[in-house]
Amino acid sequence: MNASMCGTAVLLTILLLPNVSASAEAAKETYENGRSCLERKDYDAAITALTEAIRLNPKYAEAYFARGSAYGSKGDHDKAITDFTEAIRLDPKDVLAYCCRGYVYRQKGDHDKAIADYTEAIRLDPRDALAYRYRGSAYGDKGDNDKAIADYSEAIRLDPKDTLAYRYRGCAYGNKGDNAKAIADLTEDIRLAKYAGGYFNRGVAYSKTGDYDKAIADYSEAIRLDPKLAGAYCGRGIAHTKKGEYDKAIADYSEAIRLNPKYAKAYHARGRAYEEKGDGAKAGEDLEQAKKLGYSAASAIL
(Lines give C-alpha, C1' and ligand atoms only; values in the text may rest on other atoms or scores of the structure.)
Protein backbone atom coordinates (compact mmCIF):
# COMPACT_ATOMS: atom_id res chain seq x y z
CA MET A 1 0.00 0.00 0.00
CA ASN A 2 1.49 3.39 -0.98
CA ALA A 3 1.55 6.40 1.30
CA SER A 4 -1.46 8.00 -0.39
CA MET A 5 -3.63 4.92 0.01
CA CYS A 6 -2.50 4.48 3.63
CA GLY A 7 -3.39 8.06 4.42
CA THR A 8 -6.84 7.58 2.88
CA ALA A 9 -7.48 4.48 5.01
CA VAL A 10 -6.50 6.30 8.18
CA LEU A 11 -8.76 9.20 7.26
CA LEU A 12 -11.72 6.86 6.64
CA THR A 13 -11.13 5.18 9.99
CA ILE A 14 -11.12 8.52 11.77
CA LEU A 15 -14.32 9.60 10.00
CA LEU A 16 -16.11 6.38 10.92
CA LEU A 17 -15.16 6.41 14.60
CA PRO A 18 -17.72 9.03 15.70
CA ASN A 19 -20.54 7.06 14.05
CA VAL A 20 -19.47 3.82 15.73
CA SER A 21 -19.18 5.59 19.06
CA ALA A 22 -22.56 7.26 18.65
CA SER A 23 -24.17 3.92 17.75
CA ALA A 24 -22.63 2.24 20.79
CA GLU A 25 -23.77 5.07 23.04
CA ALA A 26 -27.31 4.89 21.62
CA ALA A 27 -27.32 1.12 22.14
CA LYS A 28 -26.25 1.55 25.76
CA GLU A 29 -28.92 4.17 26.41
CA THR A 30 -31.61 1.97 24.83
CA TYR A 31 -30.34 -1.02 26.81
CA GLU A 32 -30.63 0.90 30.09
CA ASN A 33 -34.19 1.83 29.15
CA GLY A 34 -34.94 -1.84 28.47
CA ARG A 35 -33.46 -2.84 31.83
CA SER A 36 -35.65 -0.27 33.57
CA CYS A 37 -38.73 -1.71 31.84
CA LEU A 38 -37.64 -5.20 32.87
CA GLU A 39 -37.32 -4.15 36.50
CA ARG A 40 -40.85 -2.67 36.32
CA LYS A 41 -42.04 -6.00 34.84
CA ASP A 42 -43.15 -4.25 31.65
CA TYR A 43 -41.81 -7.12 29.58
CA ASP A 44 -43.17 -6.10 26.18
CA ALA A 45 -41.64 -2.62 26.46
CA ALA A 46 -38.39 -4.21 27.67
CA ILE A 47 -38.27 -6.53 24.65
CA THR A 48 -38.91 -3.64 22.26
CA ALA A 49 -36.13 -1.52 23.77
CA LEU A 50 -33.64 -4.38 24.02
CA THR A 51 -34.33 -5.45 20.43
CA GLU A 52 -33.43 -1.92 19.34
CA ALA A 53 -30.27 -2.04 21.44
CA ILE A 54 -29.29 -5.27 19.71
CA ARG A 55 -30.01 -3.72 16.28
CA LEU A 56 -27.68 -0.85 17.16
CA ASN A 57 -25.04 -3.22 18.54
CA PRO A 58 -25.45 -6.85 17.37
CA LYS A 59 -22.63 -7.95 19.68
CA TYR A 60 -24.28 -6.61 22.85
CA ALA A 61 -24.20 -9.72 25.06
CA GLU A 62 -25.88 -7.99 28.01
CA ALA A 63 -28.79 -6.95 25.81
CA TYR A 64 -29.34 -10.52 24.64
CA PHE A 65 -29.21 -11.67 28.25
CA ALA A 66 -31.71 -9.05 29.39
CA ARG A 67 -34.07 -9.77 26.50
CA GLY A 68 -33.83 -13.49 27.29
CA SER A 69 -34.84 -12.65 30.85
CA ALA A 70 -37.86 -10.72 29.56
CA TYR A 71 -38.92 -13.57 27.28
CA GLY A 72 -38.45 -16.03 30.12
CA SER A 73 -40.59 -13.91 32.43
CA LYS A 74 -43.34 -13.95 29.79
CA GLY A 75 -43.14 -17.74 29.56
CA ASP A 76 -41.72 -17.67 26.01
CA HIS A 77 -39.13 -20.32 26.80
CA ASP A 78 -37.83 -20.96 23.29
CA LYS A 79 -37.05 -17.29 22.60
CA ALA A 80 -35.48 -16.98 26.03
CA ILE A 81 -33.19 -19.96 25.33
CA THR A 82 -32.23 -18.48 21.94
CA ASP A 83 -31.22 -15.19 23.54
CA PHE A 84 -29.33 -16.79 26.43
CA THR A 85 -27.52 -18.98 23.92
CA GLU A 86 -26.45 -15.92 21.93
CA ALA A 87 -25.35 -14.18 25.13
CA ILE A 88 -23.21 -17.24 25.94
CA ARG A 89 -21.76 -17.29 22.40
CA LEU A 90 -20.72 -13.65 22.77
CA ASP A 91 -19.48 -14.15 26.34
CA PRO A 92 -18.69 -17.84 27.00
CA LYS A 93 -17.72 -17.09 30.61
CA ASP A 94 -21.08 -15.59 31.61
CA VAL A 95 -22.00 -17.81 34.56
CA LEU A 96 -25.38 -16.16 35.05
CA ALA A 97 -26.37 -16.77 31.43
CA TYR A 98 -25.73 -20.50 31.90
CA CYS A 99 -27.75 -20.47 35.12
CA CYS A 100 -30.66 -18.63 33.50
CA ARG A 101 -30.69 -20.86 30.44
CA GLY A 102 -30.60 -23.84 32.76
CA TYR A 103 -33.57 -22.44 34.65
CA VAL A 104 -35.59 -22.08 31.43
CA TYR A 105 -34.66 -25.62 30.36
CA ARG A 106 -35.95 -26.74 33.76
CA GLN A 107 -39.20 -24.88 33.19
CA LYS A 108 -39.56 -26.78 29.91
CA GLY A 109 -38.96 -30.09 31.71
CA ASP A 110 -35.60 -30.67 29.99
CA HIS A 111 -33.77 -31.47 33.21
CA ASP A 112 -30.69 -33.00 31.57
CA LYS A 113 -29.94 -29.82 29.62
CA ALA A 114 -30.59 -27.79 32.76
CA ILE A 115 -28.09 -29.90 34.69
CA ALA A 116 -25.53 -29.52 31.89
CA ASP A 117 -25.84 -25.72 32.04
CA TYR A 118 -25.58 -25.60 35.82
CA THR A 119 -22.57 -27.90 35.68
CA GLU A 120 -20.85 -25.55 33.24
CA ALA A 121 -21.66 -22.60 35.49
CA ILE A 122 -20.05 -24.47 38.40
CA ARG A 123 -16.99 -25.28 36.26
CA LEU A 124 -16.60 -21.58 35.47
CA ASP A 125 -17.14 -20.56 39.09
CA PRO A 126 -16.84 -23.40 41.62
CA ARG A 127 -17.85 -21.02 44.44
CA ASP A 128 -21.21 -20.09 42.93
CA ALA A 129 -23.63 -21.29 45.62
CA LEU A 130 -26.70 -20.52 43.50
CA ALA A 131 -25.52 -22.77 40.68
CA TYR A 132 -25.24 -25.67 43.12
CA ARG A 133 -28.72 -24.95 44.50
CA TYR A 134 -30.20 -24.70 41.01
CA ARG A 135 -28.56 -27.97 39.94
CA GLY A 136 -29.81 -29.58 43.13
CA SER A 137 -33.35 -28.59 42.20
CA ALA A 138 -32.91 -30.06 38.71
CA TYR A 139 -31.71 -33.34 40.23
CA GLY A 140 -34.71 -33.19 42.58
CA ASP A 141 -37.02 -32.79 39.59
CA LYS A 142 -35.56 -36.03 38.22
CA GLY A 143 -36.15 -37.77 41.56
CA ASP A 144 -32.43 -38.10 42.30
CA ASN A 145 -32.63 -37.01 45.93
CA ASP A 146 -29.09 -38.06 46.80
CA LYS A 147 -27.49 -35.84 44.15
CA ALA A 148 -29.92 -33.07 45.05
CA ILE A 149 -28.90 -33.27 48.72
CA ALA A 150 -25.20 -33.25 47.78
CA ASP A 151 -25.66 -30.06 45.76
CA TYR A 152 -27.80 -28.35 48.40
CA SER A 153 -25.18 -29.23 51.00
CA GLU A 154 -22.45 -27.62 48.90
CA ALA A 155 -24.63 -24.54 48.41
CA ILE A 156 -25.04 -24.32 52.19
CA ARG A 157 -21.29 -24.76 52.74
CA LEU A 158 -20.62 -21.86 50.37
CA ASP A 159 -23.48 -19.74 51.71
CA PRO A 160 -24.65 -20.78 55.20
CA LYS A 161 -27.50 -18.25 55.06
CA ASP A 162 -29.09 -19.66 51.90
CA THR A 163 -32.51 -20.37 53.36
CA LEU A 164 -33.80 -21.93 50.13
CA ALA A 165 -30.99 -24.48 50.16
CA TYR A 166 -32.04 -25.58 53.66
CA ARG A 167 -35.69 -25.65 52.57
CA TYR A 168 -35.09 -27.74 49.47
CA ARG A 169 -32.64 -30.08 51.21
CA GLY A 170 -35.22 -30.58 53.96
CA CYS A 171 -37.82 -31.52 51.37
CA ALA A 172 -35.34 -33.88 49.68
CA TYR A 173 -34.64 -35.57 53.02
CA GLY A 174 -38.41 -35.84 53.50
CA ASN A 175 -38.73 -37.51 50.10
CA LYS A 176 -36.16 -40.06 51.25
CA GLY A 177 -38.09 -40.67 54.48
CA ASP A 178 -35.38 -39.13 56.66
CA ASN A 179 -37.80 -36.98 58.62
CA ALA A 180 -35.38 -36.11 61.43
CA LYS A 181 -32.97 -34.45 58.99
CA ALA A 182 -35.90 -32.90 57.17
CA ILE A 183 -37.17 -31.30 60.37
CA ALA A 184 -33.68 -30.04 61.26
CA ASP A 185 -33.29 -28.34 57.87
CA LEU A 186 -36.80 -26.91 57.86
CA THR A 187 -36.24 -25.56 61.38
CA GLU A 188 -33.16 -23.73 60.10
CA ASP A 189 -35.19 -22.44 57.16
CA ILE A 190 -37.74 -21.01 59.60
CA ARG A 191 -34.98 -19.46 61.71
CA LEU A 192 -33.50 -17.71 58.68
CA ALA A 193 -36.78 -16.68 57.09
CA LYS A 194 -39.91 -16.87 59.19
CA TYR A 195 -42.73 -17.41 56.71
CA ALA A 196 -45.92 -19.44 56.36
CA GLY A 197 -44.53 -21.98 53.92
CA GLY A 198 -41.70 -22.90 56.26
CA TYR A 199 -44.10 -23.82 59.06
CA PHE A 200 -46.30 -25.66 56.57
CA ASN A 201 -43.36 -27.74 55.31
CA ARG A 202 -42.27 -28.63 58.82
CA GLY A 203 -45.86 -29.47 59.72
CA VAL A 204 -45.86 -32.01 56.91
CA ALA A 205 -42.62 -33.51 58.24
CA TYR A 206 -43.97 -33.72 61.80
CA SER A 207 -47.11 -35.43 60.47
CA LYS A 208 -44.96 -38.05 58.78
CA THR A 209 -43.31 -38.82 62.12
CA GLY A 210 -46.70 -39.15 63.82
CA ASP A 211 -46.12 -36.09 66.02
CA TYR A 212 -49.53 -34.60 65.30
CA ASP A 213 -49.47 -32.07 68.12
CA LYS A 214 -46.34 -30.41 66.71
CA ALA A 215 -47.80 -30.69 63.23
CA ILE A 216 -50.96 -28.90 64.37
CA ALA A 217 -48.87 -26.19 66.03
CA ASP A 218 -46.91 -25.61 62.83
CA TYR A 219 -49.97 -25.60 60.59
CA SER A 220 -51.64 -23.15 62.99
CA GLU A 221 -48.65 -20.81 62.79
CA ALA A 222 -48.67 -21.09 58.99
CA ILE A 223 -52.35 -20.10 59.02
CA ARG A 224 -51.66 -17.18 61.35
CA LEU A 225 -49.02 -15.90 58.95
CA ASP A 226 -51.10 -16.62 55.84
CA PRO A 227 -54.83 -17.10 56.53
CA LYS A 228 -55.41 -17.97 52.85
CA LEU A 229 -53.07 -20.97 52.81
CA ALA A 230 -55.56 -23.72 52.01
CA GLY A 231 -52.98 -26.49 52.28
CA ALA A 232 -52.29 -25.61 55.91
CA TYR A 233 -55.97 -26.02 56.78
CA CYS A 234 -56.06 -29.37 55.01
CA GLY A 235 -52.84 -30.51 56.70
CA ARG A 236 -54.12 -29.48 60.11
CA GLY A 237 -57.39 -31.26 59.37
CA ILE A 238 -55.51 -34.46 58.60
CA ALA A 239 -53.60 -34.16 61.89
CA HIS A 240 -56.88 -33.65 63.78
CA THR A 241 -58.33 -36.67 61.97
CA LYS A 242 -55.36 -38.80 63.07
CA LYS A 243 -56.09 -37.74 66.64
CA GLY A 244 -59.79 -38.62 66.30
CA GLU A 245 -60.85 -34.95 66.49
CA TYR A 246 -63.31 -35.17 63.64
CA ASP A 247 -65.28 -31.98 64.23
CA LYS A 248 -62.10 -29.90 64.24
CA ALA A 249 -60.92 -31.77 61.16
CA ILE A 250 -64.16 -31.14 59.28
CA ALA A 251 -64.00 -27.44 60.16
CA ASP A 252 -60.47 -27.24 58.72
CA TYR A 253 -61.35 -29.17 55.58
CA SER A 254 -64.36 -26.91 55.05
CA GLU A 255 -62.18 -23.81 55.28
CA ALA A 256 -59.68 -25.33 52.85
CA ILE A 257 -62.55 -25.97 50.41
CA ARG A 258 -63.87 -22.44 50.87
CA LEU A 259 -60.46 -21.08 49.94
CA ASN A 260 -60.03 -23.54 47.08
CA PRO A 261 -63.34 -24.99 45.83
CA LYS A 262 -61.45 -27.42 43.55
CA TYR A 263 -59.34 -28.91 46.34
CA ALA A 264 -60.00 -32.60 45.66
CA LYS A 265 -57.92 -33.91 48.58
CA ALA A 266 -59.83 -31.72 51.06
CA TYR A 267 -63.16 -33.10 49.81
CA HIS A 268 -61.84 -36.64 50.10
CA ALA A 269 -60.45 -36.09 53.59
CA ARG A 270 -63.66 -34.43 54.77
CA GLY A 271 -65.64 -37.33 53.35
CA ARG A 272 -63.55 -39.79 55.34
CA ALA A 273 -64.03 -37.70 58.47
CA TYR A 274 -67.79 -37.73 57.95
CA GLU A 275 -67.58 -41.52 57.54
CA GLU A 276 -65.82 -41.79 60.90
CA LYS A 277 -68.65 -39.77 62.42
CA GLY A 278 -71.23 -42.06 60.86
CA ASP A 279 -72.68 -39.43 58.49
CA GLY A 280 -72.88 -41.56 55.36
CA ALA A 281 -74.84 -39.05 53.29
CA LYS A 282 -72.35 -36.21 53.67
CA ALA A 283 -69.46 -38.64 53.30
CA GLY A 284 -70.86 -39.88 50.00
CA GLU A 285 -71.32 -36.36 48.65
CA ASP A 286 -67.76 -35.37 49.48
CA LEU A 287 -66.18 -38.55 48.17
CA GLU A 288 -68.12 -38.24 44.92
CA GLN A 289 -67.03 -34.61 44.54
CA ALA A 290 -63.41 -35.59 45.17
CA LYS A 291 -63.70 -38.21 42.44
CA LYS A 292 -65.18 -35.68 40.00
CA LEU A 293 -62.25 -33.37 40.70
CA GLY A 294 -59.82 -36.16 39.82
CA TYR A 295 -58.73 -37.25 43.29
CA SER A 296 -56.53 -40.32 43.53
CA ALA A 297 -54.50 -41.42 46.53
CA ALA A 298 -51.38 -41.78 44.34
CA SER A 299 -51.48 -38.17 43.10
CA ALA A 300 -52.85 -36.45 46.20
CA ILE A 301 -50.77 -33.66 47.71
CA LEU A 302 -51.61 -31.10 50.33
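The values are calculated or read from the model by the stated rules, or taken from the named source; none is laboratory data. Because the structure is a prediction, the values reported are computed rather than measured. Please note: Cβ atoms are built from the backbone with ideal geometry, for glycine as well, and neighbour counts cover all protein chains shown.
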- Query: Quick check: anything in segment 120-129 part of a helix (DSSP H, G or I), farther than 23 Å from residue 167 by Cβ, of a type outside the set (Val, Ile, Thr) and in contact with a helix residue (DSSP H, G or I) (Cβ under 7 Å, 6 or more places away or on another chain)?
  - Reply: yes
- For segment 244-270, the count of residues that are charged (D, E, K, R) and surrounded by 14 or more Cβ atoms within 10 Å (Cβ to Cβ) equals 6
- If we keep just the residues of segment 114-131 that are over 13 Å from residue 98 (Cβ atoms) and touching a residue at least 24 places away in the same chain (Cβ under 8 Å), which is surrounded by the fewest Cβ atoms within 10 Å (Cβ to Cβ)? 127
- Number of positions in segment 242-291 that are assigned to a loop (DSSP other than H, G, I, E, B) and either among the hydrophobic types (A, V, I, L, M, F, W, C) or under 23 Å from residue 208 (Cβ atoms) (or both): 5
- Scanning segment 84-109 residue by residue, those more than 15 Å from the chain's Cα centre (by Cα) and not in a helix (DSSP H, G or I) turn out to be 91, 92, 93, 94
- Message: From the list 173, 195, 168, 152, exactly one residue is farther than 26 Å from residue 245 by Cα and out of contact with any Lys or Arg (no Cβ under 9 Å at 6 or more places or on another chain). Which is it?
- Response: 195
- Task: Kindly indicate whether residue 273 is within 17 Å of residue 285 (Cα to Cα), touching a Cys at 6+ places or on another chain (Cβ under 9 Å) and either crowded, with 17+ Cβ neighbours inside 10 Å or modelled with pLDDT of 95 or more (or both).
- Result: no
- Message: Yes or no: segment 67-83 includes at least one residue that is part of a loop (DSSP other than H, G, I, E, B), farther than 29 Å from residue 195 by Cβ and at pLDDT 95 or above.
- Response: yes
- Note on the structure: Conditions (1) in contact with an Asp or Glu (Cβ under 6 Å, 6 or more places away or on another chain); (2) of a type in the set (Gly, Ala, Ser); (3) under 23 Å from residue 98 (Cα atoms) -> residue 165 fails only (1)
- Unique match (being closer than 30 Å to residue 140 by Cβ and among the basic types (Lys, Arg)) among 108, 59, 28: 108
- Filtered residues of segment 160-191 (kept if surrounded by fewer than 17 Cβ atoms within 10 Å (Cβ to Cβ) and more than 24 Å from residue 143 (Cα to Cα)): 160, 161, 191
